[in-house]
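**Student:** Below is a structure I'd like to ask you about.
The values are calculated or read from the model by the stated rules, or taken from the named source; none is laboratory data. Small disclaimer: the values here were computed from a predicted structure and weren't measured. Here the Cβ is made from the backbone with ideal geometry for all residues, glycine too, and neighbour counts use every protein chain on show.
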Amino acid sequence: MGYGLIHQKGSKIELITMGVLKLGGYSNHPMKLKKIFERTLSLIDEYKPDEMSLEAPFFGKNVQSMLKLGRAQGVAMAAGLYRDVPIFEYAPRKIKMAVTGKGTASKEQVAAMLKNMVVFQEVQEFLDATDGLAAAVCHYLQKNPSVEGESYTGWKSFVSKNPKRVK
């Protein structure tokens, strides 16, 4: 499970933290869910976010994988609700579209665009973390569709009009 926390300063966003909760050491699915709940609570308690955004469940080919993913998302959502943090969900295509301007972008393309928006060192193992960060950035962009009265049709439009804001 990847996560990313951002802080909005005026019309800019800064990375607070991002990471991956690795669950490979647990063979028991309920124990994995417990660890997701505990880690999500610890992130909320440490950083006290105003809001939480999640990638909405998507339909895959493997029903068992989809069920496990839905449970994991539900547990993360429950942790946020337990701490009274408002929850927002975005479809994977919506997140990719918000960050890259292309709803079918790869994880690598999303990570590359995020690296331009939020400064961090890209590492291959962080692709799950950039997925979490992308959900946060998507939420920010949905709440702030225009800056200083300007409107944008996508990421390319924003970058072309605001080259100094993207660092």
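**Student:** Can you tell me which condition E125 does not meet? The list is (1) more than 20 Å from K12 (Cβ to Cβ); (2) at pLDDT below 90; (3) over 19 Å from the mean Cα position of the chain (by Cα), and all the others hold.
**Tutor:** (3)
**Student:** Identify all residues within region 4-19 that are touching a residue at least 12 places away in the same chain (Cβ under 8 Å) and in a strand (DSSP E or B); write none if there are none. Walk me through it before giving the result.
**Tutor:** Step one: list which residues in region 4-19 are touching a residue at least 12 places away in the same chain (Cβ under 8 Å), which gives 4-6, 8, 11-19.
Selection gives G4, L5, I6, Q8, K12, I13, E14, L15, I16, T17, M18, G19.
**Student:** For a quick check of your reading of the model, give me the residue pairs whose first member lies in region 101-123 and is of a type in the set (F, W, Y), whose second is part of a loop (DSSP other than H, G, I, E, B) and at pLDDT 90 or above, with beta-carbon atoms closer than 8 Å and at least 6 apart or on different chains.
**Tutor:** Once the first residue is of a type in the set (F, W, Y) and sits in region 101-123, no partner that is part of a loop (DSSP other than H, G, I, E, B) and at pLDDT 90 or above comes close enough.
**Student:** Something else now. Would you be able to tell me the number of residues in region 51-85 that are of a type outside the set (A, V, I, L, M) and part of a loop (DSSP other than H, G, I, E, B)? Let's see the steps before the verdict.
**Tutor:** First, pick out the residues of region 51-85 that are of a type outside the set (A, V, I, L, M): 51, 53, 55, 57-62, 64-65, 68, 70-71, 73-74, 80, 82-84.
Narrowing further to those that are part of a loop (DSSP other than H, G, I, E, B): 51, 57-62, 83-84.
Going through region 51-85 one residue at a time, the tally reaches 9.
**Student:** I'd like the full set of residues that are more than 20 Å from E89 (Cβ to Cβ) and either charged (D, E, K, R) or outside any loop (DSSP other than H, G, I, E, B) (or both), limited to region 20-46.
**Tutor:** If the condition is that a residue be more than 20 Å from E89 (Cβ to Cβ) and either charged (D, E, K, R) or outside any loop (DSSP other than H, G, I, E, B) (or both), then V20, K22, H29, P30, M31, K32, K34, K35, E38, S42, D45, E46 are the ones that fit.
**Student:** Looking at D84, is it over 15 Å from the mean Cα position of the chain (by Cα) and at pLDDT 90 or above? Explain how you work it out, then say what you get.
**Tutor:** On the way: over 15 Å from the mean Cα position of the chain (by Cα): yes; at pLDDT 90 or above: yes.
Yes, satisfied.
**Student:** Let me ask something additional. So in region 88-119, with the set limited to residues that are over 12 Å from the mean Cα position of the chain (by Cα) and β-branched (V, I, T), which one is surrounded by the most Cβ atoms within 10 Å (Cβ to Cβ)?
**Tutor:** V118
**Student:** Using the structure shown, decide if G25 is at pLDDT below 95, crowded, with 17+ Cβ neighbours inside 10 Å and more than 22 Å from N144 (Cβ to Cβ). Give the derivation first.
**Tutor:** Details: at pLDDT below 95: yes; crowded, with 17+ Cβ neighbours inside 10 Å: no; more than 22 Å from N144 (Cβ to Cβ): yes.
Criteria not met by G25.
**Student:** Any residue at all in region 147-162 that is over 11 Å from the mean Cα position of the chain (by Cα), farther than 18 Å from K12 by Cβ, modelled with pLDDT of 90 or more and not in a helix (DSSP H, G or I)?
**Tutor:** no
**Student:** Against the condition touching a helix residue (DSSP H, G or I) at 6+ places or on another chain (Cβ under 8 Å), at negative phi and in contact (Cβ under 8 Å) with a residue 12 or more places away in the chain, how does Y26 come out, does it pass? Before the answer, list the steps.
**Tutor:** Details: touching a helix residue (DSSP H, G or I) at 6+ places or on another chain (Cβ under 8 Å): yes; at negative phi: yes; in contact (Cβ under 8 Å) with a residue 12 or more places away in the chain: no.
Against the criterion (touching a helix residue (DSSP H, G or I) at 6+ places or on another chain (Cβ under 8 Å), at negative phi and in contact (Cβ under 8 Å) with a residue 12 or more places away in the chain), Y26 does not qualify.
**Student:** Among the listed residues E55, E51, identify the single one that is of a type in the set (D, E, K, R), in contact (Cβ under 8 Å) with a residue 40 or more places away in the chain and crowded, with 17+ Cβ neighbours inside 10 Å. Please lay out each step first, then the result.
**Tutor:** Working: E51 fails: crowded, with 17+ Cβ neighbours inside 10 Å.
Within the list E55, E51, the selection yields E55.
**Student:** Just need a number here: residues in region 107-136 that are more than 21 Å from Q73 (Cβ to Cβ) and either of a type in the set (F, W, Y) or not in a helix (DSSP H, G or I) (or both).
**Tutor:** The number of residues fulfilling the criteria is 6.
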